[in-house]
1. How large a share of the accessible area of segment 217-288, in percent, is made up of carbon and sulfur atoms when the probe is 1.4 Å and the other protein chains stay in place?
2. About its Cα centre, what dipole magnitude does segment 238-359 give when the only charges are +1 on Lys and Arg Cβ and -1 on Asp and Glu Cβ, stated in debye to the nearest 20?
3. Could you list, in their original order, any pairs among Lys143/Lys264; Lys135/Lys264; Lys88/Lys143 whose Cα atoms are separated by more than 32 Å?
4. By the gyration tensor of its Cα atoms, with a ≥ b ≥ c the square roots of the eigenvalues, what is the shape of segment 321-376: rounded for a/c under 1.5, prolate for a/b over b/c, or oblate?
5. Say the dipole of segment 177-296 comes from +1 at the beta carbon of Lys and Arg and -1 at that of Asp and Glu; which of Tyr263, Ala207, Gln293 then lies farthest toward its positive end?
6. Taking every DSSP beta bridge with both residues inside segment 27-156, roughly what % is antiparallel (nearest 5)?
7. For Arg243 and Asp114 in the same chain, what is the full-extension length gain: residue separation times 0.36 nm, less their Cα-Cα distance, in nm?
8. Mind checking the dipole of segment 257-303: about its Cα centre, +1 per Lys or Arg Cβ, -1 per Asp or Glu Cβ, Debye to the nearest 20?
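The values are calculated or read from the model by the stated rules, or taken from the named source; none is laboratory data. Every value quoted in this text rests on a predicted model; they were computed, and no experiment measured them. When we count neighbours, we look across all protein chains shown, and the Cβ atoms used for this are built from the backbone with ideal geometry, even at glycine. For the accessible areas, the whole protein counts, side chains as well, though only heavy atoms, and no ligand, DNA or RNA atoms are used. Shrake-Rupley method; radii C 1.70, N 1.55, O 1.52, S 1.80 Å.
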Amino acid sequence: MNILLLGAGGREHALAWKIAASPLADRLYCAPGNAGIAREAECVTLDIANRAAVIEFCRANRIDLVVVGPEAPLVAGIVDDLEAAGIKTFGPTRAAARLEGSKGFTKDLCRANDIPTARYERFDAKDAARGYLRKVGAPIVVKADGLAAGKGVVVAQTLAEAEAAIDMMFAGGLGAAGAEVVIEEFLVGEEASFFALCDGENAIALASAQDHKRVGDGDTGPNTGGMGAYSPAPVMTEEMTQRTMDEIVRPTLRAMKAMGAPYKGVLFAGLMITGDGPKLIEYNVRFGDPETQVLMLRLMSDLVPALIASRDGQLKNFDLRWYSDAALTVVMAAKGYPGDYARGSAIEGLESAAEIEGVEIFHAGTRSDGDRILANGGRVLNVSARGKTVGEAQQRAYRAIGRIRWPDGFCRRDIGWQAVNRERGG
Ligand code: AMP
């Protein structure tokens, strides 16, 4: 098979690494890719927002399967266009991708189908939203309806913060994404990321993970795209997994099918595990980043047949095997991230770091310059490792980081701390 992967981050490097290992993959292309992905795939300069160009590339290179990494092209309808052109594509259609593209859509779907989630109301005007806020009080969560690159959620501890968020969104601070907002109940519990592979009708559980969103040690400082993750999430016991599949994922698939928008692809459920069980915080319609990096390290089976079965509606009797090992990834970011940062500094020692047992280094934002690897983004490397326990994986990842020479980069020193404390009986 000839496979084209779309995207440029650490998630796509992990997917490329796993796809390249498949005996089914003859040629693997990635657009646009990065310096690490170039070790697994042939990177091609292709504007993935230009769907006609993607179709032309697929035809010229006899692509048998396209795998879409990021959400923006999915929400924009790339799967519809590629499939209409006769190109098999893994991922949801535009109508199905509304599960990520519109928070209000997902909340209404939950309400109509008794899927556990935070209580909420939707607003398209400021005064009504402010009036509701005064009625319900803080803490409260304000969310822009549309895609806002991780900036659309404000967890407000005070009424003033919530009002400021409403004012910012209705003043156009997030563009069209904030033209409508969801105001929802603040949930208390432990968060987990849960992934299921779906074929429009059937779903199989993949694995769970937990990520660290804050930039600083001890989960402090501003939010980021994610500074590290580990899998499995201890809070996702077998019972919680079963409940999530039965109470959240399967009812969602039934509802999507009933409205003529069957969901195919990976469904990434952001969950709050509360005293009453799992509640849906939000859906994403693609693999998580950096969660995919740890998922791929734990997946024993070939990924490619699973992607095809999802696309073809053949997951009913499908089974995937996983290593019982844990996996953990630490994000190395450019100094200044998530604020302003510089590009172009050199990174050394990657080969020696990758020699440590169980370690895989995925590139999130790099480019090559001759033999040199240069930083080319905010999140730059995902130093990842497998281990018998989260603790062992953590030790290996940080040992690898010790061998990387990149004065312009930084990372958190405590990724996995909750799970490691639990393993120690703390
Ligand atoms: P999101 O961008 O939707 O993943 O939200 C970012 C973060 O906001 C989540 O990971 C949660 O930590 C937090 N969050 C979102 N919704 C709620 C909620 N209803 N209650 C508590 N925390 C929330």
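1. 51
2. Roughly 700 debye, rounded to the nearest 20.
3. Violating the 32 Å limit, Cα to Cα: Lys135/Lys264; Lys88/Lys143.
4. Note, shape of segment 321-376 comes out oblate.
5. Working it through, the farthest residue towards the positive pole turns out to be Tyr263.
6. Given both bridge residues lie in segment 27-156, the antiparallel proportion sits at roughly 50 percent.
7. 45.1 nm
8. 180
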